[in-house]
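This report refers to the structure that appears directly beneath it.
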Amino acid sequence: MMKTLSVALSILAAGGGLSIAIAQQAPTENKGMKAEALSGFALGKQGLDDFAQRQMRVRQITIEPGGVAGFHSHKDRPALSYIMKGSLTEHRKGGPDRTYKAGEVITESTDVDHWAENTSSEPVVLISVDLFKE
């Protein structure tokens, strides 16, 4: 009886080892992947010294036709906003108006004061990543 139990445990142990050996190895290099930097800015040059009080957040923002994002400053909240769908016209203080289309990024460093509007007939959808102060 003990010999049978010992043989059964040996078979189970060997089988468990076999399943581990057959398990797929995690790849160590990228394949079929492309990473392209679209925009960025140096955090150390933003004049912020309170990183312990901030969180990095990601939001999806939708602006309906005729909708606006009212005038605001990024003095305390730098952001990068990627246009997923539609087009958005930005009115930046001290700069020319610019229309951003799908696939483009609005770079909103701490020196940016602006507002934006959707003058098109379709909603604008953007993904915005910012350093939000809690």
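The values are calculated or read from the model by the stated rules, or taken from the named source; none is laboratory data. Note that the structure is a prediction, hence the values are computed from the model and not measured. Quick reminder, even Gly has a Cβ in these numbers, built from the backbone with ideal geometry, and neighbours come from all protein chains shown. Note: accessible area is taken over every heavy atom of the protein model, side chains too, but ligands, DNA and RNA are not part of it. Shrake-Rupley method; radii C 1.70, N 1.55, O 1.52, S 1.80 Å.
Summary of values
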quantity: Which listed residue, of D130, D50, D113, is in contact (Cβ under 8 Å) with a residue 60 or more places away in the chain, open to solvent by less than 50 Å² (accessible area, probe 1.4 Å) and more than 16 Å from the chain's Cα centre (by Cα); calculated: D50
quantity: Qualifying residue in region 9-30 (condition: modelled with pLDDT of 60 or more, in a loop (DSSP other than H, G, I, E, B) and within 21 Å of the chain's Cα centre (by Cα)); calculated: yes
quantity: Members of region 66-110 that are open to solvent by 90 Å² or more (accessible area, probe 1.4 Å), without any contact (Cβ under 8 Å) to a residue 24 or more places away in the chain and under 16 Å from L38 (Cβ atoms); calculated: R98, K101
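Condition check ((1) of a type outside the set (S, T, N, Q); (2) modelled with pLDDT under 95) across all residues:
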{"site": "A42", "(1), (2)": "yes, yes"}
{"site": "D50", "(1), (2)": "yes, yes"}
{"site": "Q53", "(1), (2)": "no, yes"}
{"site": "E64", "(1), (2)": "yes, no"}
{"site": "L80", "(1), (2)": "yes, no"}
{"site": "A102", "(1), (2)": "yes, no"}
{"site": "S109", "(1), (2)": "no, no"}
